[in-house]
Amino acid sequence: MVRSIRKAKLIDKIIIATGTTLLFLWIFIPSYWVFKTSFAPPEEAWSPLPPSKPTLDNFLSLFNPSLEAVLRGMGIRAALPDPMIVYISNSFIVAIVSSVIGTAFGALAGYNLARFNYKGKKLVLWLVLFAYVFPIFALMVPILMIMRAIGLYNTLHGLALVHLAYTLPFSTLMLRSYFYGVPKDLEESALIDGCSRLEALVRITLPVSAPGLVTAFIFSFTLSWNDLLFALILLNTSRLYTIPIATTFFLWGGEIVDPGGLSAVAVFAGIVPALLYMFVQKYIVLGLVKGAIKA
């Protein structure tokens with residue numbers, strides 16, 4: 001009996017250790033390759049070893065694109081039409097606007113689905129879920145036509161509004177689950193004290209739901225930050241391009257023409273979401289766990 005228990009514990013430890021190792025490798029290998037290549041000269045870009053002569057040229061060329069950057073090295077190097085800071089700023093503006101609007105309206109919609117019972121509620125919930133799982137590329141043509149018709153084609157705020165197709169359903173479903181975990185007694189006490197339903201939501205429910213709101217905002221920010229599909233469709237001026245579009249300048253005919261430059265762009269693309277997750281990770285964990293338990 002004791003031996004079988006020990007054997008079971010040993011198997012559990014082996015499974016956990018194996019899973020942890022595989023997860024670590026899955027994260028570490030791509031991250032190592034990107035960082036290594038971003039500091040490597042062109043002749044060492046494809047080597048698995050750390051560069052023998054690290055260089056910052058890949059990063060510097062992003063902020064000061066020139067013909068010299070195109071022709072430098074052993075072969076042709078890609079160059080961005082505008083400094084990298086332009087694409088970072090554009091991505092940040094679009095992601096912030098989309099995330100704020102998506103989280104705000106997602107909170108209202110999620111509260112509605114969590115607190116009120118009415119005819120057609122299940123249909124509304126299914127429509128939100130359908131919007132979340134619907135293949136978004138199927139909407140490319142109608143969205144393009146609508147944006148042209150209302151004058152929001154080739155604008156950052158137009159792109160931010162389109163990103164609500166990503167962020168709003170996600171925020172609604174997540175915050176609905178989180179609001180289920182907020183005791184109704186808190187709101188009822190506020191209503192008895194003379195607050196309206198909206199005041200109870202703003203003063204009581206939303207502050208208590210801060211971890212859920214932060215989680216919805218960060219995930220929405222990441223979805224918007226990483227979007228390439230709609231950015232390619234709705235933007236045709238280089239000064240309005242976002243970071244995902246910047247990566248396409250390092251690809252030609254399905255092949256990477258400048259691995260160092262592409263890796264440098266990838267570092268900038270990943271560092272902003274990573275910093276956000278780092279600063280608010282405790283809220284994200286709490287929001288995900290509590291929302292999952294109450295869902």
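The values are calculated or read from the model by the stated rules, or taken from the named source; none is laboratory data. These figures come from a predicted structure and were not determined experimentally. Note that we place each Cβ from the backbone using ideal geometry, even for glycine, and neighbour counts take in every protein chain shown.
Assorted remarks:
- Residue count for region 1-44, restricted to those that are of a type outside the set (S, T, N, Q) and under 28 Å from the mean Cα position of the chain (by Cα): 17.
- Here is the figure for region 230-258: residues that are more than 29 Å from Met147 (Cβ to Cβ) and either at pLDDT 85 or above or surrounded by fewer than 19 Cβ atoms within 10 Å (Cβ to Cβ) (or both) total 4.
- Hits in region 63-85 - residues which are part of a helix (DSSP H, G or I), touching a helix residue (DSSP H, G or I) at 6+ places or on another chain (Cβ under 6 Å) and at pLDDT 80 or above: Met84
- Positions within region 203-237 being farther than 25 Å from Ala165 by Cα and not basic (Lys, Arg), in sequence order: Ile204, Thr205, Pro207, Val208
- Within region 17-62, the set of residues being in a helix (DSSP H, G or I), among the small types (Gly, Ala, Ser) and closer than 18 Å to Val265 by Cβ comprises Ser31, Ser38, Ser61.
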